[in-house]
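The values are calculated or read from the model by the stated rules, or taken from the named source; none is laboratory data. Please read these numbers as outputs of a predicted model, since none were measured by experiment. Glycine also receives a Cβ, built like all others from the backbone with ideal geometry; neighbour counts cover every protein chain displayed. The area values use the complete protein model at the heavy-atom level, side chains included, leaving out ligands, DNA and RNA. Shrake-Rupley method; radii C 1.70, N 1.55, O 1.52, S 1.80 Å.
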Amino acid sequence: MHALSGSPSKDELRRAALARRDQAALDVDTMVEAAEALRDNALSLPELAGAGPVAGYWPIRSEIDPRPILEALADRGCALALPVCTPQGLVFRAWQPWQPLVPAGFGTLGPPETAEEVTPRVLLVPLAAFDRAGHRIGYGKGHYDGAIARLSVVAGMVTTIGLALACQEVARVPAENHDRRLDVVVTESEVIRPGAV
């Protein structure tokens with residue numbers, strides 16, 4: 001766990017956590033091993049034992065790679081989706097690992113417009129930093145906070161699973177009213193259930 005002195009802002013926490021993540025990502029072998037360990041930890045979750053749909057994400061920059069999780073879920077027959085940035089916010093389109101991808105906004109890839117739009121029951125959420133209470137810091141655009149709020153209304157309940165490297169943990173995220181707490185955080189070294197904190 002990493003903390004800065006005083007009461008750092010979200011921007012300061014984001015920058016510091018992303019710098020640690022970028023440093024870790026310089027070692028490709030370590031990142032591959034971390035992604036495999038993350039996969040093993042995530043696949044032990046009962047939340048991922050159902051049929052889905054489970055929405056993952058296509059990794060950008062130094063994000064830990066969720067594709068091993070998505071591939072394993074596809075092998076189990078789970079319905080999958082990936083997010084696409086639209087003017088109305090994130091939408092989720094059906095996808096399986098062998099299907100083509102197109103630019104989906106924010107530097108990521110996602111399914112084309114011809115793919116069916118779906119309502120995921122589980123979201124695998126990328127993040128810049130997290131704390132043990134389940135609060136996350138994203139990239140500052142609020143895409144996931146908006147999507148989680150919308151899905152909670154539409155679907156009644158959506159399970160959120162944050163994926164990160166352990167080095168992205170901070171002592172405390174300064175949460176705001178619109179921030180949505182994660183149900184679970186999975187790193188390469190452990191599964192954190194904020195309700196148990």
| said: Would you confirm, using the coordinates I've provided, whether S152 is open to solvent by 70 Å² or more (accessible area, probe 1.4 Å), among the hydroxyl-bearing types (S, T, Y) and either more than 15 Å from the chain's Cα centre (by Cα) or at positive phi (or both)? | reply: no
| note | When the range 98-112 is checked residue by residue, the ones that are touching a residue at least 12 places away in the same chain (Cβ under 8 Å) and in contact with a strand residue (DSSP E or B) (Cβ under 8 Å, 6 or more places away or on another chain) are L101, A104, G105, F106, T108, L109, G110, P111, P112
| Odd one out for G146 among (1) part of a loop (DSSP other than H, G, I, E, B); (2) open to solvent by 30 Å² or more (accessible area, probe 1.4 Å) | (1)
| said: Please go through the range 66-88 and give me each residue that is over 12 Å from G52 (Cα atoms), in contact with a strand residue (DSSP E or B) (Cβ under 9 Å, 6 or more places away or on another chain) and not in a strand (DSSP E or B), ordered by number. | reply: P66, I69
| request: Could you please find all residues in the range 28-51 being touching a residue at least 12 places away in the same chain (Cβ under 8 Å), over 16 Å from the mean Cα position of the chain (by Cα) and closer than 15 Å to L124 by Cβ? | output: S44, G50
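So, in the range 92-119, of the ones that are open to solvent by less than 20 Å² (accessible area, probe 1.4 Å) and over 14 Å from the mean Cα position of the chain (by Cα), which residue ends up nearest to A42 (Cα to Cα)? Quick ask: steps written out before the conclusion?
If we filter the range 92-119 for residues that are open to solvent by less than 20 Å² (accessible area, probe 1.4 Å), which is where we start, we get 92, 95, 104, 110-111.
From what's left, over 14 Å from the mean Cα position of the chain (by Cα): 95, 104, 110-111.
Working: W95: 19, A104: 25, G110: 22, P111: 23 Å.
So the residue we want is W95.
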| said: Could you check the range 165-182 and list, in sequence order, the residues that are in contact (Cβ under 8 Å) with a residue 60 or more places away in the chain and either touching a Lys or Arg at 6+ places or on another chain (Cβ under 8 Å) or of a type in the set (S, T, Y) (or both)? | reply: L165, C167, Q168, E169, V173, P174
| message | I'd like to know if the range 3-11 contains one or more residues that are within 20 Å of D183 (Cα to Cα) and part of a loop (DSSP other than H, G, I, E, B). | response | no
| Any idea how many residues of the range 181-197 are closer than 21 Å to A24 by Cα and open to solvent by 50 Å² or more (accessible area, probe 1.4 Å)? | 4
| Scanning for something more than 20 Å from M31 (Cβ to Cβ), among the hydrophobic types (A, V, I, L, M, F, W, C), open to solvent by 10 Å² or more (accessible area, probe 1.4 Å) and touching a His at 6+ places or on another chain (Cβ under 6 Å), does the range 162-180 turn up at least one residue? | yes
| message | Can you say whether E117 is without any contact (Cβ under 8 Å) to a residue 60 or more places away in the chain, out of contact with any helix residue (DSSP H, G or I) (no Cβ under 8 Å at 6 or more places or on another chain), over 27 Å from R20 (Cα atoms) and not aliphatic (A, V, I, L, M), as far as the supplied structure shows? | response | yes
